[in-house]
Number of protein chains: 2
Amino acid sequence: MTQKIDFLSKNQQIVLEIIEKAKEPLKAYSILFSVQKRGIKAPPQVYRALDRLIKLGKIHKIESKNAFVACKNDSCTISNATAFSICDSCEMVTEISNPKLSKYLANFQDETGMRYNKYNLEFFGLCKKCKK
Amino acid sequence: MTQKIDFLSKNQQIVLEIIEKAKEPLKAYSILFSVQKRGIKAPPQVYRALDRLIKLGKIHKIESKNAFVACKNDSCTISNATAFSICDSCEMVTEISNPKLSKYLANFQDETGMRYNKYNLEFFGLCKKCKK
DNA sequence: ATAAATTTGTTATATTATAACAATGCGTAA
DNA sequence: TTACGCATTGTTATAATATAACAAATTTAT
């Protein structure tokens, strides 16, 4: 049988904890270094945990940064519709949860008639702090 | 003086040509291999050309694939608003140019009042061919 | 309990990208 | 013209990101 959908292995819990504590997106190798004391020794262990956590919607990957953030939305158990706000100056990343936006994108249909089951949107600009 | 904005160096022309000819997104190292006959020998030469072409809006990077596509929109000279349609099965990528979508995203404002000068959107699904 | 299947650990290596510095070209002011 | 400063290009080396392949351990099905 395949792994139960709501169960996290030890490694997955450790990795998730680190990412949830972090105030900014974490890189895979920085996660690796900070969990080496806890018994995770090699990249595949981290990447497997990351893959699984992504599938569960517990974390998201910021593609433009190759970094990972915890999903702030408690009820989010799928990872098929994500939008982020990224500051070009301080690199702050926040997840955007805007029902209008989600609805607009989920229903978007292009000229070819192709329909989508997943999207990722990354906005870049200067955050309030950095604009001052 | 800084490089003229509408002038492409030899390496930039070569790299652009390869990407324009390709029917699918190209990876940096696959570009490198195919241009070695033409005198480009090392990664930094390719990456510099790619960076410049991106800034000029001649090509775009598909972040989820670390691959590069030519901009189909002739008049596109900036690279600050991109949207792509990506087939999960055949990996086909096409640029979406939908004025409504662009307008919607360009004007999007989140709760924090942060304003954006750039966005990248990637849609995933099955293309017509693969859905059959 | 044992075989089959899945998950986890481990080693090695592939892939993607950039730092650092040298060589070359290019504009300009003496 | 030449020599100086500055930007661009070439080159070597290496950093950063990610996965293949297989072994060991654990779980599941019978």
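The values are calculated or read from the model by the stated rules, or taken from the named source; none is laboratory data. Just so it is clear, the structure is predicted and the values come from calculations on it, not from any experiment. Cβ: placed from backbone, ideal geometry, glycine included. Neighbour counts: every protein chain shown. These accessible areas exclude ligands, DNA and RNA; they are computed on the full protein's heavy atoms, side chains included. Shrake-Rupley method; radii C 1.70, N 1.55, O 1.52, S 1.80 Å.
A simple charge model with +1 on the Cβ of Lys and Arg, -1 on the Cβ of Asp and Glu and nothing else charged puts the dipole of the protein assembly as shown at about 460 debye relative to its Cα centre. All C-alpha to C-alpha distances of chain B, sorted into 5 Å bins beginning at zero, yield P(r) values of 2, 9, 18, 19, 18, 15, 10, 6, 2, 1, 0 percent in whole numbers.
Ranking B:PHE33, A:PHE84 by solvent-accessible area of protein heavy atoms (1.4 Å probe, all protein chains present), from largest to smallest, gives B:PHE33, A:PHE84.
Per residue, the average separation of C-alpha pairs within less than 8 Å and at least 6 apart gives region A:10-70 a relative contact order of 42 percent.
Exposed loop sites here are GluC sites (Glu not before Pro) assigned a DSSP state other than H, G, I, E or B and surrounded by at most 15 other beta carbons within 10 Å; excluding them, the longest clear run of chain B is B:1-90. When chain B is modelled as a GNM with alpha-carbon springs shorter than 10 Å, which of B:ASN80, B:ASN107, B:ASN120 fluctuates the most? Most flexible of the set in this elastic network: B:ASN107. A:LYS55 label point (Cα plus 7 Å toward Cβ) to equivalent points in the other copies: 4.2 nm, shortest first. In the elastic network of chain B, a GNM with C-alpha springs shorter than 10 Å, the most mobile of B:ASP110, B:ASP88, B:ASP51 is B:ASP110. Taking the DSSP bridge list for region A:81-131 and keeping only pairs wholly inside it, about 30 percent are antiparallel.
With distances taken between every two different alpha-carbon atoms, the protein assembly as shown has a Kirkwood hydrodynamic radius of 20.3 Å. The label-point distance for B:CYS130 and B:LYS103, in a model that sets each label 7 Å from Cα toward Cβ, rounds to 3.2 nm.
The charge dipole of region B:10-70, taken about its Cα centre with unit charges on the Cβ of Lys, Arg, Asp and Glu (plus for the first two, minus for the last two), comes to roughly 180 debye.
Computed on region B:81-131, with alpha-carbon pairs under 8 angstrom and 6+ residues apart, the relative contact order is 52 percent. GNM remark for chain A: springs join alpha carbons under 10 Å apart, and the peak mean-square fluctuation among A:ASN117, A:ASN73, A:ASN11 falls on A:ASN117.
For region B:31-123, the list of trypsin sites (Lys or Arg not before Pro) that fall in a loop by DSSP and count at most 14 other C-beta atoms within 10 angstrom reads B:LYS41, B:LYS72.
If you count the DSSP beta bridges with both ends in chain A, what percent of them are antiparallel, to the nearest 5?
If we restrict to bridges inside chain A, about 55 percent are antiparallel.
Summed over both chains, the area buried between A and B is near 2800 Å², taken from the accessible surface of protein heavy atoms with a 1.4 Å probe.
The listed residues B:CYS90, B:CYS127, once ranked by accessible area (1.4 Å probe) with the largest placed first, stand as B:CYS90, B:CYS127.
Taking all protein chains together and a 1.4 Å probe, the residues B:LEU121, A:LEU126 rank A:LEU126, B:LEU121 from largest to smallest accessible area. Given contacts defined as C-alpha pairs under 8 Å and at least six residues apart, what's the relative contact order of chain B, whole-number percent? Here the relative contact order equals 20 percent. Counting lysine pairs in region B:25-124 whose alpha carbons fall under 22 angstrom apart, excluding pairs fewer than 8 residues apart on the same chain, gives 24.
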